[in-house]
Structure formats: C-alpha cells, structure tokens
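Sharing a structure below in structure tokens format, with a few things to ask.
The values are calculated or read from the model by the stated rules, or taken from the named source; none is laboratory data. Quick caveat: nothing in here was measured; it's all calculated off a predicted structure. Because the Cβ atoms are built from the backbone with ideal geometry, glycine has one as well, and the counts that use them run over all protein chains shown.
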Amino acid sequence: MLIRLGKWLRAAGYDTWFISEKVDDIQMFDIAVKKKRMLKRIDKGKIIEDLPELVGKNYDDFKICSERQKIYWQGSHAEDMLATLKRWNSM
C-alpha cells in the first residue's frame, strides 16, 4: 500500500524513497552513491537503437541507471497520473 502511495507522491512532484530507518537527505544521497543507484541524463542519440520504436519517436528526455544500464523515461503512465492529480486538485 505505501509503495503505491509513493508512486503517486512522485507523480505529484515529491521526492519519495522507501527505507526502514529514518535518514536525512545527505545520508540518502550517500547511500544512493554507494549502491550506485544514480540516474543520469543520457542523449537520445546514444540509445536510440535500444528504444522501442514508438518511444524513440514520442519522447526526448531519457535517464539511465549507472549500475544496471536500464533506460528510463516518463511515458504515458506518468502523463495519465499527472492528469489524475490535476483532476483531483480541481475538486
């Protein structure tokens, strides 16, 4: 249940991270660096061949995990969540 809430908070623009103990921002950043869990912006031209065709056509902003080399982008699911949050905010 809290993970689902965390996803909605992220969509609303809040920084969210799940951890079993309380840490401050600097500690959280240090943990991410030590575990190599950093997302870096990457030029679309460097990864275009690794993207699904429609993703390459429709999106320009990409990030890559420095550890796993997995590529991330804000797809239609993020757009749908933002639309829902805007609708809720206008009630």
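Within region 10-23, can you find the residues that are loosely packed, with under 14 Cβ neighbours inside 10 Å and either under 21 Å from M38 (Cβ atoms) or modelled with pLDDT under 70 (or both)?
G13, Y14, D15, W17, F18, I19, S20, E21, V23
Cβ-Cβ distance below 6 Å, separation of 6 or more or different chains: which pairs start in region 39-54 with a residue that is under 10 Å from I71 (Cα atoms) and end on one that is surrounded by 14 or more Cβ atoms within 10 Å (Cβ to Cβ) and basic (K, R)?
Short answer, once both residue conditions are applied: L39/K63; R41/K63.
OK, next. Could you list, in sequence order, all residues of region 68-91 that are in contact (Cβ under 8 Å) with a residue 24 or more places away in the chain and closer than 14 Å to I42 by Cα?
I71, Y72
Inspect region 45-59 for any residue being closer than 19 Å to G6 by Cβ, at pLDDT 80 or above and not polar (S, T, N, Q) and give the result as yes or no.
No, every residue in region 45-59 fails to be closer than 19 Å to G6 by Cβ, at pLDDT 80 or above and not polar (S, T, N, Q).
Follow-up. Which residues, counting only those in region 38-91, are outside any helix (DSSP H, G or I) and of a type in the set (F, W, Y)?
If the condition is that a residue be outside any helix (DSSP H, G or I) and of a type in the set (F, W, Y), then Y59, F62, Y72, W73 are the ones that fit.
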